[in-house]
Amino acid sequence: MKPRRSNLSVPGHIEKMHGKALASNADVIMLDLEDSVPVDAKEKARAQVIRSLLDLDWTGKTVTVRINSLDTPFAYRDLLEVVENGGHILDAIVVPKVNAPGDISFVDRMLDGIEMNKKLSPHLGIEVSIETAEGLLKSAAIGRESNRLQTFVFGIADYSASVGARLVSISGHGEKEEDLYPGHRWHFALSRMIMAAKANRCLAIDAPYGNFRDPEGLRRSATMSCALGCDGKWAIHPDQIDIINEVFTPSPKDIELAARVLEADANAAAEGRGAVAVDGRMVDQATVRMAKQLWEQARYLKLTRT
Ligand code: COA
Ligand code: MG
């Protein structure tokens, strides 16, 4: 799978933002039909998204569409019309407010049918948005429901509403959390989602950070979710992309460290040892697995010489 470090959400009905998003450095561009689109613009947004998929050149980009949630009158038409007309361009469908495995099997079977009818090679992936108490509770089973699943994303504001957590900032998207709760307020929920994603060989994506004029807050939020095991973060504004890409890209220092761990391991193996000391720290096979993972990620992003 291509990197999914930054995922820019773009309101489906605002055409001028589509070209702007395409020209950005976002790894993923998500054309949104759900919560950034007012109810009376749903049809217009769907038609605009289809037009943008067909008219703009998305070569080399990962592009997704977020449909409306399955408990609305819009979702089935979003899926049908967007995939029938633009499915050959899309990489994945983002399904919001997934509550149960059945939600995913519905989308999966619809995609089967549309792909057969339109003679598309079966390729469309699914991003699962976990943003309700029920969805988080069932996230492990949701993750097993379809082999189309590629990514899990944490919907912070809807999840807060779902569990009745207090609103701290005007946006409700991750800002000033530490004023209310010491540490990482979403540590448990995010970690649980990450566990479900990784147990099902999917990537885990963090929620967006609502204050797009606060680069330091964004960096802190991204760094924390990266430390927990996330592979990327949603963005709601183009100014957020570079910081997110940077945080989720292994730094030269990380790569050098991983190389030294792998070298020490190769030497240790030649001496018949599983654990060795490097700079006065123990390096064992668990350290080696982390280093290998980082090395592979860096190699994928063409940051290593070999
Ligand atoms: N995608 C593409 N372009 C965007 C963008 C986005 N998500 N957000 C802003 N831009 C563009 C603006 O159109 C503007 O372009 P211009 O200079 O050509 O006029 C430029 O970036 C600067 O925008 P700015 O004036 O700083 O922001 P704003 O006040 O117009 O919009 C938001 C702020 C938050 C309303 C807007 O960023 C937005 O709609 N974000 C997406 C929200 C969303 O998708 N929510 C659902 C997922 S949680
Ligand atoms: Mg939401």
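For the stretch 1-135, evaluate the Debye formula with one uniform point scatterer on each Cα (no solvent term) and list log10 I(q)/I(0) at q = 0.13, 0.18 Å⁻¹, rounded to two decimals.
Log10 I(q)/I(0), no solvent term: -0.50, -0.99.
Could you work out how far helix 75-86 tilts from the main Cα principal axis of the chain, as a 0 to 90 degree angle to the nearest 10?
The angle comes out near 80 degrees.
If you roll a 1.4 angstrom probe over the protein chains with everything in place, what fraction of the accessible area of the chain belongs to carbon and sulfur, to the nearest %?
Carbon and sulfur together cover 54 percent of it.
About its Cα centre, how strong a charge dipole does the stretch 51-108 have in debye, to the nearest 20, once Lys and Arg get +1 and Asp and Glu get -1 at the Cβ?
For this selection, approximately 140 debye.
Quick one: order 61, 16 from most to least accessible surface, probe 1.4 Å.
16, 61
Ordering 188, 152, 212 from largest to smallest accessible area (1.4 angstrom probe), what's the sequence? Mind showing how you got there, number by number?
Numbers: 188 135, 152 0, 212 75 Å².
I get 188, 212, 152, largest accessible area first.
Would you check the accessible area of residue 181, probe 1.4 Å, heavy atoms only, in square angstrom rounded to 10?
Here the accessible area works out near 110 Å².
Using a 1.4 Å probe, how large is the accessible area of residue 184, given in Å² and rounded to the nearest 10?
Rounded to the nearest 10, the figure is 40 Å².
At a 1.4 Å probe radius, which order do 290, 30 fall into by accessible area, largest first?
From most exposed to least exposed: 290, 30.
What are the ³J(HN,Hα) values, in whole Hz, obtained from phi via the Karplus relation 6.51 cos²θ - 1.76 cosθ + 1.60 with θ = phi - 60°, for each residue of the stretch 120-136 in sequence order, with x given for Gly and Pro?
8, 5, x, 9, 5, x, 10, 9, 9, 9, 9, 8, 9, 4, 5, x, 5
Counting heavy atoms of the protein chains only and a 1.4 Å probe, report the per residue accessible area for the chain as a whole number of Å². Don't skip to the end; give the middle numbers.
Numbers: 15150 Å² over 306 residues.
With all protein chains present, the chain gives 50 Å² per residue.
Which FRET efficiency value, to the nearest 0.05, do you get for residue 256 and residue 40 by plugging their Cβ-Cβ distance into 1/(1 + (r/R0)^6) with R0 = 41 Å?
Here the calculated transfer efficiency is 0.15.
Per the Kirkwood treatment, what hydrodynamic radius in Å, one decimal, follows for the stretch 115-249 from the mean inverse distance over all distinct Cα pairs?
Evaluated over the stretch 115-249, this radius sits at 15.5 Å.
Under 20 Å from the Cα of residue 302, which lysines turn up, not counting those fewer than eight places away in the same chain?
Correct list for residue 302: 2, 61, 253, 292.
What's the angle, to the nearest 10 degrees (0 to 90), between helix 101-117's Cα axis and the longest principal axis of the chain?
70
If R0 is 35 Å, what FRET efficiency do you get for residue 167 and residue 105 from their C-beta distance, rounded to 0.05?
In this case the efficiency is close to 0.55.
Just how far, in whole angstrom, is the stretch 166-200 from the stretch 258-273 if you go by their alpha carbon centroids?
Distance between centres, Cα-based: 38 Å.
Can you work out the Karplus-derived ³J(HN,Hα) for every residue in the stretch 232-247? Use 6.51 cos²θ - 1.76 cosθ + 1.60 with θ = phi - 60°, whole Hz, and x for glycine or proline.
Along the stretch 232-247, the couplings run x, 8, 6, 10, 10, 9, x, 5, 8, 5, 4, 5, 5, 4, 5, 4 Hz.
Which value, in Å to one decimal place, does the Kirkwood hydrodynamic radius take for the chain when every pair of different Cα atoms is included?
Kirkwood radius, the chain: 20.4 Å.
Relative contact order for the stretch 6-247 using alpha-carbon pairs under 8 Å, separation at least 6, rounded to a whole percent?
Reported relative contact order: 17 percent.
Express as a percent, rounded to the nearest 5, the fraction of DSSP beta bridges in the chain (both residues included) that run antiparallel. Could you put the intermediate results ahead of the total?
Details: 3 of 33 bridges.
Bridges in the chain that DSSP calls antiparallel: roughly 10 percent.
Report the gain in length on full extension from residue 180 to residue 292: 0.36 nm times residue separation, minus Cα-Cα distance, nm rounded to one decimal. Mind showing how you got there, number by number?
On the way: separation 112, 0.36 × 112 = 40.32 nm, distance 3.78 nm.
Full-extension gain reported as 36.5 nm.
The values are calculated or read from the model by the stated rules, or taken from the named source; none is laboratory data. Everything numeric in this text was worked out from a predicted model, so none of it was measured. Here the Cβ is made from the backbone with ideal geometry for all residues, glycine too, and neighbour counts use every protein chain on show. Areas reflect the complete protein model, heavy atoms only, side chains present, ligands, DNA and RNA absent. Shrake-Rupley method; radii C 1.70, N 1.55, O 1.52, S 1.80 Å.
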